[in-house]
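Shown next, in C-alpha cells, is the structure this report addresses.
What follows draws every value from the coordinates through simple rules; no lab data is involved. These numbers were taken from a predicted model, which means no experiment stands behind them. Note: ideal-geometry Cβ built from the backbone for every residue, glycine included; neighbour counts use all protein chains shown.
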Amino acid sequence: MTGAMTLALRPTDLADDLSRYIHRRDDGVFQFEVAVKGARCANCIAKIEAGVTSVAGVSEARLNLSTGKLTVNWKQVAASPHAVLRRIRDLGYEAQPFDAAASLGADEGEGRMLLRCLAVSAFGTVFTMGLTDAIWYGGELSPALRQTFFLLAASVATPVTLYAGQPFFRSAFRALARGRTNMDVPISAALILSLGLSIYQSVQGGQNVYFDAAVMLAFLLLIGRYLDYRLRNRARDAARHLLALQSLLARRFKPDGEIETVAARELNPGDRILLASGERVPVNGTLESADGGGTELDTSLVTGESAPVRMSLGAALQAGSIVTGQPAVLRATARVEDSLVADLARLLEAGQQTRGLYVRLADRAARAYVPFVSGLALMVFAGWLASGATLAIAATNAIAVLIITCPCALGLAVPAVQIVATGRLFQRGLFVKSGDALERLAEIDLAVFDKTGTLTTGQPVLKNREKIAPDILELAATLARASHHPLAAAIAAAAGPGPVAPGVRETAGAGMEAMINGRLCRLGSAAWCGVTDDLLDGRLWLRCGDAEPVRFAFQERIRPEARALLAELMGRGIAVEMLTGDRGEPAAAIAAEAGVANWCAGIGPREKAARMETLRQQGRHVLMVGDGLNDAAAMALAHVSIAPGTAADVSQSASDMVLRGDSLEPIVEAIDVARKARRLVLQNFALAAVYNLTAIPLAAFGFVTPLIAAATMAGSSLLVMLNALRLARRPA
Amino acid sequence: MTGIALIIASALTVGLSALGVLLWALGSGQYDDPDGDAERILLDDPD
C-alpha cells in the first residue's frame, strides 16, 4: 500500500523546506551550499562539479576539498536543490544541505588571520633585522644616523608587532579576564614591553633597542601557532555532523489519510509517519504496520552492530535507524529533541566540553612560570631602586628580565615536538587531529575497545562450514553472489568465485529466489524459507524444492593483529576492556579469542558513555577505540580516542586520531611516540628554563644588550627545534 | 647617505608590495582550499 503513496509525492512538497538553505547574494545569484562527504581526489572534484553543473539551471559548482563544501550557484532560472542533492547522491557521495547559519563558528577565519599575522611579522622581521643588524656590526655609524635607523625600525616594528601580536593579546586577555594565566600572558607582556622600551630608547637616543627581538618573537611563535591550528583544523564540528544525520523531513499522514511532508522537528508523539526503504527513522516510535508483518532495520547508529535487525509489529524503533526492508508506518512516541540522535549529540557536546577543560602541558608550565618571572622582575626593579639607580634604569633592567625570560622557546617547544610526532605517525598510518591529543595519549592507563568493526573486521564469516556439503554451499553461493547483503557476501566468500544463478530475484529484508534445475530455491530469512527458527536474525536458510532446509550460521572474525596488539598494550602497563552492544554469547567468544578479561555486552551508547564517566571519576585515563556511531559519545567522553579508518563519519569526527589503514597496529606505536613526545616536551621545557636562568642574572645586572637578547632567543628556539627533530629520527 | 635612503626606501617598497600581494591572495580566497588546489592541477581543462 505504501509504495504508491511514496510516488504520489510532488517535488514541490519538498522544495519549500530547502529554501532556507538557499541564499540570494547581492549580485542576484542564488547560492546553495552542500556538505559533500567522501570526496578525496581530483576525480571526485571533476565528477561532482561536472555532474552538478549539468543539472538544469545551475550556472556554477565548485567543491572545496579541504572543507568538503560544495557551492552551487544559479541565476534567474531556478534550479532545484533536490535535483542537485539527488545528482550528488547518484554519483555515490553523501550530500547534506549545509546550514551556513549554524556553522559560522568563531574559528572560521582563524586560519586566515594567523596566516595574515605570519606574513606581516615575516616582513617585519626581515626589515627590522636589516636595520638593526647594520647598527650592531657597523660600529662606525654616527649617532644621528643610528637614531634615524632606530626611528625607521620603530615605525615598521610598532604596527607590525601590534598587528601580528593580536592572537597572543586576545588569548592573554581572555585568560586574564577569567582570572587565569596562560602562555600568552608573558608572551604579550614581552612583546609590548620590549616594544615600549625600544621606542623610549630610540626617542631618548639610547643604544638598546629590541625591535628585531620583538618582531622575531612574534614570527617564531606564530609559526608554532599556525602549525597547531593546522593540526586542529579538521577536528571541528563533530556534533554538527551528527545533527545532520537527523532526517530533515518526514512524511506524516494527515487525519484524512493524505500524506504531508513536514520538517522532522514538527513531529509530535502520536503522529503516523511513512518510512520508505532506505530512509532514516526521524523520531523514536513504534512500528505500526508494514507489508509482511514487519521490516528490517540497520540499527548501526543505535547498537553499532552492522547486521540488519528484523522488527515485528509493535516493536520500538529508535531514531537514526535506517529502514532496509519493507516500507513501514511508524507511530511517533517522542519528539526529535527527545530522540536518540539528539541525545547522542548532547552527550557528544558534553564530552567535548569536559575535554576542553584539559590543561595543556605548556599552559601548566606557564601557571608556574608566570608568577615566578613577574616576581623576579619586581625584585630586580626594587633592587636597582634600593641601590640608588634612577627609575628609568631600574625599569629598563626589570623589563630586560621579562624579555629575556619570555617563553619563546616554550611556545615553540610543544608545537615543534607535536608536529614532528604527528608527521611520523602519519607516515605509519595514523592521523592525529590535535596536538594535545598526543599529550593525553601519553597519560592513558586503560584502553577500552568496541567489538564489532574494531576488534573484529565487522564482516561476518560462515561459522558452520564443515557441516555444509560442498554442493549445497555452491548452490547457496549461486544465489548469494547476486546480493550485497553482508551475510550473503559471507556465503559467496566461503564458496569462492563462481557463477550466478540465472534470474535471481531479491526481496529486500527477506531473501533471494531463483529456479535452479526446475526447483524453486530460496536463500534468506527463516520466514522466507518457511522454517521456524527461534533466532530471528544472524542466520540464513537455504531451501530447494522439497529438500530439507539447510541452516547457515555466521560469526565475526577477529582482526588478525588484535590479540598481539592487546598483549603489547598490557605489556606497557595499560589495562584492556571491551564494551559492545552485541549479545553476550558472541561477545564472550571474541573476548576469549582476543584475550580480554574485562568485557561488558549488550550495552547501548548511553551506557557506554556512562561507563566512561564512571572510569573518569575513578581517576582512570581512558583510551577509547571505537568505530560505530554508538561509540561516538563514549569516545568524546574518553580521555583520548582513536577511530579506525572504516569508522562512521561521526566517530571519526569525535575521535582524536583516525587510523588510515585497516590495521590497528599503529596504536601501539602511537602510544610509544606520544610518551616519547611527552619526554621531549619536558626536556625542551628544561632546556629553555636552563637557557633563561643563565640569562636572568645578566639581565638583572644590566648586561643584556640587544645582541644577547636576539642570540638567546634564536639560540633557544633552535635548540628546542633540534631536540624535537630527534623524534623523527630515532625509533621510539 | 642618499644611497642608504634610496636602498631603504626601495626595500620598503618591494617588501610592502610583496606583503600586499600575499594579503590580497589570502583575502581573495586563494588559500582556502589547499587540498583541492593540489588535486585540481591534475584535472584537464573542461574546454
Cut-off under 5 Å, modelled amide H: who pairs with A:ALA447 long-range: A:ALA575, A:VAL576, A:GLU577, A:LEU623
Mean residue ellipticity at 222 nm from the helices of the protein assembly as shown, using -39,500 (n - 2.57) per DSSP H segment of n ≥ 4 over the full residue count, to the nearest 500 deg cm²/dmol? -16500 deg cm²/dmol
Taking other Cβ within 10 Å of each residue's Cβ, how do A:LEU687, A:LEU131 sort, fewest first? A:LEU687, A:LEU131
Please list, ordered by chain and number, the residues whose modelled amide H lies under 5 Å from the amide H of A:GLY320; skip anything fewer than 5 residues away on the same chain. A:VAL281
Using Cα pairs closer than 8 Å and at least 6 residues apart in sequence, work out the relative contact order for the stretch A:383-504, in percent. 14 percent
Under a plain spin-label model, where a point goes 7 Å from the Cα along Cα-to-Cβ, how far apart in nm are A:ASN268 and A:VAL690? 7.4 nm
7 Å from Cα along Cα→Cβ at both A:ALA589 and A:ARG178: what's the point-to-point distance in nm? 5.0 nm
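Rounded to the nearest 20 debye, what is the charge dipole size of the stretch A:116-196 about its Cα centre when +1 sits on each Lys and Arg Cβ and -1 on each Asp and Glu Cβ?
The calculated dipole for the stretch A:116-196 is roughly 500 debye.
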Per its Cα gyration tensor (rounded if a/c is under 1.5, else prolate when a/b beats b/c, else oblate), the stretch A:446-521 is best filed as prolate
Convex hull per residue volume in Å³, alpha carbons only, for the stretch A:370-459: 119 Å³
Among the lysines, which have Cα under 20 Å from the Cα of A:LYS608 when same-chain residues fewer than 8 positions away are ignored? A:LYS451
Let me test this: with uniform point scatterers at the alpha carbons of chain B, what is the Debye-based log₁₀ I(q)/I(0) at q = 0.14, 0.23, 0.31 1/Å? -0.57, -0.84, -1.00
For A:ASN64, residues with placed amide H under 5 Å, excluding near neighbours: A:LYS69, A:LEU70, A:THR71
Read phi for every residue in the stretch A:572-585 and hand back ³J(HN,Hα) as whole Hz from Karplus 6.51 cos²θ - 1.76 cosθ + 1.60, θ = phi - 60°, with x for Gly and Pro. 9, x, 10, 6, 10, 9, 10, 10, 8, x, 6, 5, x, 5
To make sure I understand, if each residue's beta carbon is the centre and we count other beta carbons within 10 Å, what order do A:CYS44, A:CYS521 fall in, fewest to most? A:CYS44, A:CYS521
In whole Hz, the Karplus estimates of ³J(HN,Hα) for the stretch A:202-213 (6.51, -1.76, 1.60; θ = phi - 60°; x where Gly or Pro) are 5, 5, 6, x, x, 9, 9, 10, 10, 4, 5, 4
Can you put A:HIS639, A:HIS484 in order, fewest other beta carbons within 10 Å first? A:HIS484, A:HIS639
Just checking the output field for A:31-42: average partner chain Cβ neighbours within 10 Å of each residue's Cβ? 1
What translational diffusion coefficient, in µm²/s and rounded to a whole number, does the Stokes-Einstein relation yield for the protein assembly as shown at 20 °C and a viscosity of 1.002 mPa s, taking the hydrodynamic radius as the Kirkwood radius over Cα pairs? 71 µm²/s
Need the list of lysines near A:LYS676 for cross-linking: C-alpha distance under 16 angstrom, and skip anything on the same chain fewer than eight residues off. none
Among the lysines, select those whose C-alpha is under 19 Å from the C-alpha of A:LYS69, and discard any that sit fewer than 8 residues away in the same chain. A:LYS37, A:LYS47
If you plug each phi of the stretch A:593-602 into the Karplus form 6.51 cos²θ - 1.76 cosθ + 1.60 with θ = phi - 60°, what whole-Hz ³J(HN,Hα) values come out, in order, with x for Gly and Pro? 5, 7, x, 9, 7, 9, 8, 9, 10, x
